[in-house]
Every structure is written in C-alpha cells, then in structure tokens.
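K.L.:
One structure follows; several queries about it will come next.
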Amino acid sequence: MGRTRAKAKKSALTVTKSAQSSSSSATPAISALLDKAQELIVQCDFPLARKFIDRALVRDDGSMSEKNQAKEMMGVVLLETGEVDEARELFLTLLPPHPTAPVPPPPSAHLYLAQLSADPHTALKHYQAAIDILQTQLKGKAPSPTQGDEQDEGEDEVRSNIVRAYVGMVEVWMDPEYDLCFDPAASSTCDSLLANALQIDPHNLEALQCLASVRLSQEKTEEALAALLTFPPSSPDAPPAHNQALVAALPLSVRLARAKLLLECGAYHDALNVLENVLASDDSSVEGWYLMGWGWWLVAEHQKEGGEVEGSEGLTWEDIARDSRDCLETCQMLHESQSDPDTPILEHVQELLGTLDALGIMPSPVQDDDEGDGDGWEDASDGEDVEMS
C-alpha cells in the first residue's frame, strides 16, 4: 500500500443482439441496423444510434423480436438523453395488456421500469416479474453440445440479470426515502433476497457488495468484510498480484463502491490499494480522491490512537494526516473545476479540512521533479491534542 501524493460519473442493461441476417440485399438487414445502433450506444453516440433505430422501427419486414429489440434500444437512448417519461412509456408498450405487446414480455422491460418507478411497491412487482420470466428462460436452457460457449454465455447473462433483479429489490427495501426500510421485516427480507441471489451465483460481485452493505447496516462488520473478501474467487495460495489484477479489471464505479465498503469495514490497507489503482486509471475522479483522503484520514486517526495499519510502518500520524490533506485538497479543486453535483462529498471534505486546520496539519511542501519523492515531511502540528473524529 503506497502513499499517494496529490496531483495537480447506473449502467444500462446490454441489449441482446438478434441473429445476423444472411440477406445479401442492398437494403441493410434490420439486424445490421440494430447491431450498428448497439455499437453506437456503447460509444455513447446516442443521436446517431437513434437514427439507426428509427430506420429499423419504420421497416415492416422485421420480426416481432427485432421490433421489440428496437423499442428496447430506443428506450435506452431516451433514458441516456434525459427523456425519462418517454422512455417509461416506450417500455410499457412492451408489456401486456398493451395491444402491441408480445407475450411474454422481455424481462429487461420490467427491469428498466423497476428502476424508473417512484413507488417502491410497483418497483418490487416489476423486479419480481423480471425474475419469474428469467427463471423460466433459465429452466428452458437445456444443455446442447452443438452450442457450447455461446449457450454458456447466454445462460450467464440470464443468471446475471436474475441476480441484478434481486439486488435491485434489496436496494428498494434499504432505500431511506421509502418507508419499507422501517418495516420490521426489512432485514430478514433482504437476507432472503440476497440468499436467493447468491444461490444463483455465489461469486457475483454485485450481490456480495450488496450483502456487505446490508451487514454493515446490521452492525455485523466482520460478516460484511467476509462478504467483500469472497471476491475475487481464487485459491488460497494465489499470489496477491493475481487478485489485485482481477479487482483492477472491474469498472471504475464498482471499484469505488468496493473501496468505500472496505473503509467502512476498517480494511484500510485493502481499500487504499484499490483506490491507488483507481487513481492510476483516472486521476480526475472526484470520488476517488475523496475516498483516498478519507482513507488516509482514518489511518492517521487509528495510528494517533496507538493502532497500526499495514503499509504505514515508520510514518507518524502527522505524516499520514498530511497525505490525507493533500488528497482532500485535490478532491476539492476537482469538485470545483468539474462543477461536480455531489454536495455531500464537498461538505465532508470541508469538514475534514477544518479539523486538519485545527490540528495544525499543513499541505505537503511542493517539490521539484528533480528532487525526487522523498519523505522530507515537516511537522506542522502545534502539539494541540485535537480530536480527529
């Protein structure tokens, strides 16, 4: 766990591709139009993706599956461009008893509508409907020696969406904006939903991190940490670099969520390792610098009280607190320059900087590049015993 010196954004479900057409006509096949639209969606070129989807929707030679796929993709584009009401109405056209809706509806329509619902009970119904459809699909995927990896990939996608739906239900139950979190059955219901999710995929990272969050809310810190450390799955004798590489391959948002949970579990060394990798990938991440600053703050606080943290040997708590300040000031600068809307992060950063001011902890002195990265730390503490927490 190296010390990081300060330096000067719900993903949509992947739309399943339809089979490629073998047509050699000069008019592009609908499947080709949808493949191109999917490619543009991945590239975040939503206006151009919309044009390809429109071309597919006005055609009358497509199958029902292709028409529904086009509608689903258009709904994704509408969501990404901020047209939420229009997206909701479009997804509703894919559900019975709408006159044009297929039977059964695509589970993705229920998943999107669950995320868009302002009513928790409606959201839960959509999630359950998606799970029921997906479970039926999973049971219908009998092994076929001629399909091989392609079938395995399709089954993995179904399993992943089932787990995502269970996790979505847990998040609805835990959301403080809803009254469900005050229901006496909330805790046991979340446990049951997560058990179902992990039965589908015991190593699903999204489910494990959700389980850790639930265990923290239940004040079961050791169980929360155990859930986090279940990923990545590997043999006990696997080198640390192997596991670090698996974590480093995760999306940035997932790594940030993992680091935050690790900090809340008191696993500072693991959390800071994740955050070092995050900032190596993107040194303009406001949340990354915030969590790194908070992480070093917690390490300094722990060491000030006589504790030890792996990776901070030979450093005083003032040294570590100064690193915390450097990271927090970088976060504050990036928050302002990027007009970041996350006000709670800025408020917490300012609170921590205020306490560091009271402790007399000043920023690290600016060093020239040819002076290296030595540990010539200045002790700016005035000796006051100011509480850090």
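K.L.:
Give the stretch 22-71 a look and list any residue that's within 16 Å of Pro106 (Cβ to Cβ), in a loop (DSSP other than H, G, I, E, B) and hydroxyl-bearing (Ser, Thr, Tyr), or say none.
P.N.:
Ser63
K.L.:
Report the residue count in the stretch 155-197 for those that are farther than 16 Å from Ser213 by Cα and among the acidic types (Asp, Glu).
P.N.:
6
K.L.:
Any chance you could count how many residues in the stretch 264-280 are closer than 17 Å to Leu211 by Cβ and of a type in the set (A, V, I, L, M, F, W, C)?
P.N.:
Residues that pass the stated criteria total 2.
K.L.:
Within the stretch 329-354, can you find the residues that are of a type outside the set (A, V, I, L, M) and buried (at least 18 other Cβ atoms within 10 Å of the Cβ)?
P.N.:
Going residue by residue through the stretch 329-354, those that are of a type outside the set (A, V, I, L, M) are 329-332, 335-344, 347-348, 350-351, 354.
Those that are of a type outside the set (A, V, I, L, M) and buried (at least 18 other Cβ atoms within 10 Å of the Cβ): Glu329, Thr330, Cys331, Gln332, His335.
K.L.:
Would you be able to tell me the number of residues in the stretch 72-89 that are part of a helix (DSSP H, G or I) and on the phi > 0 side of the Ramachandran plot? Steps first, answer last, please.
P.N.:
We begin by selecting, within the stretch 72-89, every residue part of a helix (DSSP H, G or I); these are 72-80, 84-89.
Going one step further and asking which of them are on the phi > 0 side of the Ramachandran plot, we end up with none.
Looking only at that region, the number is 0.
K.L.:
Now for a separate question. Pull up the stretch 125-155, narrow it to residues that are part of a loop (DSSP other than H, G, I, E, B) and either at negative phi or within 24 Å of the chain's Cα centre (by Cα) (or both), then point me to the one that is modelled with the highest pLDDT.
P.N.:
Let us first name the residues in the stretch 125-155 that are part of a loop (DSSP other than H, G, I, E, B), namely 140-148.
Adding the requirement that they be either at negative phi or within 24 Å of the chain's Cα centre (by Cα) (or both) leaves 140-147.
Values: Gly140: 73, Lys141: 63, Ala142: 55, Pro143: 53, Ser144: 52, Pro145: 49, Thr146: 51, Gln147: 53.
The selected residue is Gly140.
K.L.:
Test each condition in (1) more than 22 Å from Ala257 (Cβ to Cβ); (2) under 30 Å from the mean Cα position of the chain (by Cα) for Gly314 and report the one that comes out false.
P.N.:
(2)
K.L.:
Could we say that Asp326 is surrounded by fewer than 16 Cβ atoms within 10 Å (Cβ to Cβ), over 29 Å from His242 (Cβ atoms) and charged (D, E, K, R) here? It would help to see each step written out before you state the result.
P.N.:
Values: surrounded by fewer than 16 Cβ atoms within 10 Å (Cβ to Cβ): no; over 29 Å from His242 (Cβ atoms): yes; charged (D, E, K, R): yes.
For Asp326, the condition - surrounded by fewer than 16 Cβ atoms within 10 Å (Cβ to Cβ), over 29 Å from His242 (Cβ atoms) and charged (D, E, K, R) - is not met.
K.L.:
Across the stretch 55-88, what is the number of residues that are surrounded by fewer than 12 Cβ atoms within 10 Å (Cβ to Cβ) and more than 25 Å from the chain's Cα centre (by Cα)?
P.N.:
Result for the stretch 55-88: 4.
The values are calculated or read from the model by the stated rules, or taken from the named source; none is laboratory data. Only a predicted model underlies this, so the values are computations on that prediction, with no experimental measurement involved. Cβ coordinates were reconstructed from backbone atoms using ideal geometry, including for glycine residues, and neighbour counts include every protein chain displayed.
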